[in-house]
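Worksheet for the structure shown next.
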Amino acid sequence: MKKLIYLIMGLGLLFSACNPMDDIYADIDAQENQIVGDASYTLTDEDYSDLELTYGSFSNLDDAKSKLPDFFADKYPVWGKGSSITAGFKLYVGNAPGVSNYTGAAVYNLNLADYALSGSDVLGFYPDVTPSDYLGDILTASITAPEEGQIKLVKYTQYTEVPVVVSSKIYFEENFDYGTTAGDLTTISSGNWSNHSGTVNQLLYDTSSLSMTNYPSSNVGGSSKISSAGSEDVNSAFSPITSGKVYTSALVNLSTVGSGAYFFHFMDAAFGYTARVGAKDDGSGKILFGIGASSSTLAYGTTPFDLNTTYLLVASYDIASGVSNLYVLTTAAATEPGTPEVTNTGNPGFTVQKIGIRQAGGGPTATIDGVRVASSWTSIMSNDVFEDIVTGKKISDKKFYNYKGGVWKEATDGVYLLVGTDYDSMGTASGQPGQYNNFSSSIAPDDYLPTFLNLKYPYALEGDELFVIYDYYSSSTGAQLRGNLYTVKNGVWTAYQSTIDTTLQFGHDGTTWVPDNTIKYEFVKADYDYIIATFAGDATFAGAVANLSSYGNISTFNWTPAQIDAAIGAVLMHNFPGMTEGQKFAATIYVYDGSSHNSTINYILQGGSYVRN
């Protein structure tokens with residue numbers, strides 16, 4: 001009975017105890033449930049956007065290694081350990097080596113003393129001067145202890161017409177401040193105003209004044225009154241003005257206006273008139289202001305203005321060109337507007353030395369106050385003392401200079417700095433480089449420069465290189481200097497690419513995707529021959545080598561794991577010399593383990609030997 005009990009207990013233990021194969025089966029199931037994939041994937045524009053890479057590229061490899069693991073985890077969620085992906089993407093590698101020597105060159109702006117070396121008395125070279133005749137000497141005199149190879153970007157101004165120095169001066173100011181008694185202007189002003197035509201004592205002085213905010217001759221004293229029924233014309237003299245541009249201004253308020261006549265003008269010493277300011281009815285009871293030059297015939301503007309409203313009229317006369325302009329302002333303006341209300345051209349060379357007020361049939365009935373004559377717009381609008389103004393057309397230019405052998409010389413070897421005419425040659429219409437003489441995000445340099453360089457250097461040889469430096473406008477950072485290296489390739493000037501297409505391999509470690517330098521290599525017949533030749537003399541490999549020689553594969557019945565590792569390591573060392581520590585390989589060999597098939601084993605180079613990874 002006792003033996004029977006022991007037998008039953010033994011059977012119970014047999015069926016209830018853990019099966020030692022269960023863990024192995026579980027491991028096998030786990031391995032079989034994993035999906036191992038191998039793919040190549042190239043990122044798209046949408047991918048860069050999803051990764052918040054606004055420039056459509058990675059800024060460096062570390063950036064790619066950081067962002068792509070999560071990206072591939074979302075794209076291949078069921079792939080597991082042993083999977084690999086070769087990722088193709090765009091990588092920013094920076095500008096061409098050497099281009100920053102020019103785009104980042106320190107700027108030297110010429111000053112008045114520099115220009116004086118060429119005989120100039122203004123802030124710029126005169127039209128007949130060649131700047132490069134002086135720029136090297138200017139740098140030598142101005143830069144202490146320059147270094148060999150140092151590059152400077154020299155910026156300067158050159159006048160294209162002989163400049164004229166204009167002193168910003170107020171020649172005449174009349175606020176009609178003649179007391180509290182009204183009367184005729186010539187009498188009340190005690191001779192400040194003189195009759196030069198018409199019936200005397202008709203042009204009147206009034207004790208009220210006109211005003212406009214920020215106009216310096218405003219709301220002071222009284223005013224003058226003119227009438228379309230009067231005939232007296234008066235003038236007041238000042239120092240003669242023989243050059244430059246002359247400005248005059250006045251506050252006016254018209255109560256009536258007729259068919260048209262001038263009422264305010266410049267005079268010479270006798271009866272020569274210019275810049276004749278007039279007014280007429282526009283046909284609907286509003287005012288059109290006009291200006292005449294050498295003739296009493298006026299050119300009128302097109303803007304209708306209201307009666308009984310105070311306006312600031314500013315007229316100018318350019319003595320050199322004979323052009324007269326008229327501006328009609330409702331508020332004082334610190335700077336001269338770009339477009340006048342009306343312009344007229346007459347005789348140049350007129351000497352301005354009087355201001356005249358005129359009454360005539362067809363002219364207005366009006367109040368005139370705050371009359372000024374000055375050599376500049378700023379002096380018309382302010383009583384402050386200003387520096388002299390230099391007038392004349394001019395251009396801004398720049399050149400690179402290089403310090404070599406103790407001398408500053410213009411840098412022209414291997415570099416070309418675009419100038420205004422170069423941009424113009426590429427088109428001056430909207431959206432073309434010549435519109436603003438620069439490139440931008442919407443006007444790409446590479447869309448224009450290859451053609452420009454082919455035309456400029458038609459005999460360039462294959463492999464010729466040139467740094468091209470240009471002005472660039474960025475909507476975020478403004479104007480800047482940029483450039484690139486262009487090389488003749490297959491007869492075409494080709495830009496250095498700051499963004500390249502490259503690849504990076506990732507492997508799955510069972511948990512996540514990691515950057516992987518694994519080289520996948522499948523053994524060929526020459527590799528097996530190398531194993532036989534290498535280990536044929538080793539007695540411990542005798543059976544393994546004999547089996548390989550006979551069947552052409554690695555039999556797990558004849559090769560131990562250590563022998564397999566030694567053979568694979570020998571082949572990798574032979575085929576891939578010079579690998580650095582940490583280099584990985586996925587070696588695929590032909591095995592026999594009951595059936596013939598390929599098997600892949602992963603290795604890593606550690607301590608000079610390949611070990612399983």
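The values are calculated or read from the model by the stated rules, or taken from the named source; none is laboratory data. Quick caveat, the model's predicted, so the values are computed rather than measured. No Cβ is skipped: glycine too gets one built from the backbone with ideal geometry, and neighbour counts run over all protein chains shown. Calculation scope for accessible area: heavy atoms of the full protein, side chains included, ligands and nucleic acids excluded. Shrake-Rupley method; radii C 1.70, N 1.55, O 1.52, S 1.80 Å.
Summary of values
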| item | result |
| --- | --- |
| Region 174-192 - residue that is assigned to a loop (DSSP other than H, G, I, E, B) and in contact (Cβ under 8 Å) with a residue 60 or more places away in the chain and, of those, nearest to residue 215 (Cα to Cα) | 175 |
| Per-region count, region 512-524, residues in contact (Cβ under 8 Å) with a residue 12 or more places away in the chain, open to solvent by 40 Å² or more (accessible area, probe 1.4 Å) and not in a strand (DSSP E or B) | 2 |
| Residues satisfying the stated conditions in region 579-606, i.e. out of contact with any strand residue (DSSP E or B) (no Cβ under 8 Å at 6 or more places or on another chain) and touching a residue at least 12 places away in the same chain (Cβ under 8 Å) | 606 |
| Among (1) touching a Lys or Arg at 6+ places or on another chain (Cβ under 8 Å); (2) under 30 Å from residue 133 (Cα atoms); (3) open to solvent by less than 50 Å² (accessible area, probe 1.4 Å) - the single one residue 418 does not satisfy | (1) |
| Selection from region 249-306 of residues that are within 47 Å of the chain's Cα centre (by Cα), assigned to a loop (DSSP other than H, G, I, E, B) and within 21 Å of residue 234 (Cβ to Cβ) | 298 |
| Unmet criterion (only one of (1) of a type in the set (S, T, N, Q); (2) touching a Phe, Trp or Tyr at 6+ places or on another chain (Cβ under 8 Å); (3) under 30 Å from residue 166 (Cα atoms); (4) open to solvent by 70 Å² or more (accessible area, probe 1.4 Å)) for residue 425 | (3) |
| Search result, residues across region 49-108 that are surrounded by 19 or more Cβ atoms within 10 Å (Cβ to Cβ), β-branched (Val, Ile, Thr) and not in a loop (DSSP other than H, G, I, E, B) | 85 |
| One residue from 464, 447, 424 being free of Cβ contacts under 8 Å to residues at least 40 places away in the same chain, closer than 29 Å to residue 88 by Cβ and charged (D, E, K, R) | 447 |
| Region 458-509: number of residues that are part of a strand (DSSP E or B), among the aromatic types (Phe, Trp, Tyr) and open to solvent by 50 Å² or more (accessible area, probe 1.4 Å) | 1 |
| Boolean, residue 481 is within 14 Å of residue 424 (Cα to Cα) and in contact with a strand residue (DSSP E or B) (Cβ under 9 Å, 6 or more places away or on another chain) | no |
| Region 312-340: number of residues that are touching a Ser or Thr at 6+ places or on another chain (Cβ under 6 Å), part of a loop (DSSP other than H, G, I, E, B) and under 16 Å from residue 251 (Cα atoms) | 0 |
| Among the residues listed as 184, 128, the single one being open to solvent by less than 60 Å² (accessible area, probe 1.4 Å) and of a type in the set (D, E, K, R) | 184 |
| Qualifying position, being surrounded by 13 or more Cβ atoms within 10 Å (Cβ to Cβ), out of contact with any Ser or Thr (no Cβ under 9 Å at 6 or more places or on another chain) and either in a strand (DSSP E or B) or of a type outside the set (S, T, N, Q) (or both), among 537, 543 | 543 |
| Selection within region 559-584 - at negative phi and of a type in the set (Gly, Ala, Ser) | 562, 566, 567, 569, 570 |
| Close pairs from region 346-366: first closer than 18 Å to residue 200 by Cα and open to solvent by 30 Å² or more (accessible area, probe 1.4 Å), partner in a strand (DSSP E or B) and of a type in the set (Ser, Thr, Tyr), Cβ under 7 Å, at least 6 apart | 358/262; 365/255; 365/256 |
| Region 428-440, residues that are part of a helix (DSSP H, G or I) and either under 17 Å from residue 474 (Cβ atoms) or open to solvent by 80 Å² or more (accessible area, probe 1.4 Å) (or both) | 433, 435 |
| Subset of region 144-168 [open to solvent by 30 Å² or more (accessible area, probe 1.4 Å) and outside any strand (DSSP E or B)] | 144, 145, 146, 147, 148, 149, 150, 160, 161, 162, 167 |
| Which listed residue, of 171, 215, is part of a strand (DSSP E or B) and either open to solvent by 40 Å² or more (accessible area, probe 1.4 Å) or on the phi < 0 side of the Ramachandran plot (or both) | 171 |
| Meets criteria (modelled with pLDDT under 95, loosely packed, with under 13 Cβ neighbours inside 10 Å and either among the acidic types (Asp, Glu) or within 22 Å of residue 588 (Cα to Cα) (or both)) for residue 527 | no |
| Within region 564-606, considering residues that are of a type in the set (S, T, N, Q) and touching a Ser or Thr at 6+ places or on another chain (Cβ under 8 Å), the one surrounded by the most Cβ atoms within 10 Å (Cβ to Cβ) | 602 |
| Residue tally, condition of a type in the set (Ser, Thr, Tyr) and part of a helix (DSSP H, G or I), over region 441-457 | 1 |
| Residues of region 281-340 satisfying the condition of being within 20 Å of residue 389 (Cα to Cα), of a type in the set (A, V, I, L, M, F, W, C) and open to solvent by 30 Å² or more (accessible area, probe 1.4 Å) | 320, 323, 334 |
| Filtered residues of region 237-260 (kept if over 20 Å from residue 318 (Cα atoms) and open to solvent by less than 10 Å² (accessible area, probe 1.4 Å)) | 251, 252, 254 |
| Subset of region 369-389 that is of a type in the set (A, V, I, L, M) and surrounded by fewer than 21 Cβ atoms within 10 Å (Cβ to Cβ) - its residue that is modelled with the highest pLDDT | 389 |
